[in-house]
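See structure below.
Values in this text are rule-based calculations from the coordinates and carry no lab data. This structure is a prediction, so every number in the text was calculated from the model and none was measured. Cβ sites come from the backbone with ideal geometry, for glycine too, and all protein chains shown count toward neighbours.
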Amino acid sequence: MTDQNLFSGASSTPDWDAIAAYVAGEGTPEERAAMRRVLDANPEHAALLLALDDAVRLPEPAASTSAEVEAALSAVRARRELGVIRGDAPRRPSVMPISRGRPRWRGMPLRAAAAILVVAGVGLIWRASNSSQTPGRIVQKQYASAVGALDSLTLPDGTRVLLGPGSELTIGDQFGVDTRDVQLKGEARFDVVHDASHPFVVHTAMAAFRDIGTVFSVHSDAADGSRVVVTEGAVAVESKGVRAATLKAGDRATVASDGGVRVEQSSATNDDMAWTAGRLVFNDASVAQVAADLRRWYGIELTIDSVLASKTVNATFDRGGADGVGKVLAAVLGGSLEQSGSSMRIVAPGARK
């Protein structure tokens, strides 16, 4: 094993055995020293290894057959070769120590263990680990979660992010150097490492939310504006480049598509953060919000007759499956359901089908 082939280029496969052995605390002193040299020279690889180490702490997965393991690895390779993976992995200033001797690795083929980790917990990191860079151009790093899946990551400044289903977070290659600005499409919760000299700012299509030392959640859809809920600390809300309000813990605010800001002080409830536990809760939600969330959570394309479009929805769904979603919505909106595959239409009473 050489330093060069521990992690290979985007067109071939990393040395999974070496990677898994290092995460497990195994391998000879020479092999572990070689891995440390690679990680010291490649911060993005160090970030990937940290993600693998975090994944080991997940509940132990069910045993996989050899065919399942190979299928998982093949799927990862195929996604990379098709160019689905975008951006760079988060950079780390140094390599954090990896815990040794976790029992779940004992007796498990290391190649299989690596494949299980990829499937169980680090798909988002792999999607952001390789891309071509153009000299003289700021390269953005984009993290994307799958439809119906929550994903977590740690940014280079230590800020922890829980990314909602079907969401995208983009940061610049110079994140943390001069600014800490990120772009969000969808939903995310941010546990920000405060730095007054480098404010953390979340930009959406409609607004910007500036951290003042806090934990907060942002929901953004182009058709329905942006919402922010503050759990700890404070957040400044900016609309059209102008600070419109400052929120404290327990407050929430909505920025409409026209830039208007509505602040609700001390109004946040558990329902506002239910998505972090895998529940989709609608309280007087607009049809536009419902349609956008169903697309991200279930891959459902929802259309509703215009005569029903002004109604609001009150309903709760689990992330586990889309069964019954259409029937519930039809009942809530007072229409009938037409469904074909992932497409749903709620038809108004008496409307021609």
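Using C-alpha pairs under 8 Å with a sequence gap of at least 6, the mean separation divided by the residue count of region 249-353 gives a relative contact order of 21 percent.
Centroid-to-centroid, using Cα positions, region 241-320 and region 147-212 are 19 Å apart.
Converting the Cα gyration tensor eigenvalues of region 278-347 into ellipsoid dimensions via √(5λ) gives semi-axes, longest first, of 16, 14, 10 Å. The Cβ shell under 12 Å around R262 holds other residues with a net charge of -1, Lys and Arg each +1, Asp and Glu each -1. Within region 160-175, whose backbone N sits under 14 Å from a point 7 Å along Cα→Cβ of E264? No residue passes the distance filter. Annotation: average projected area of region 136-269 is 8.1 square nanometres, based on the convex hull of Cα atoms across all directions.
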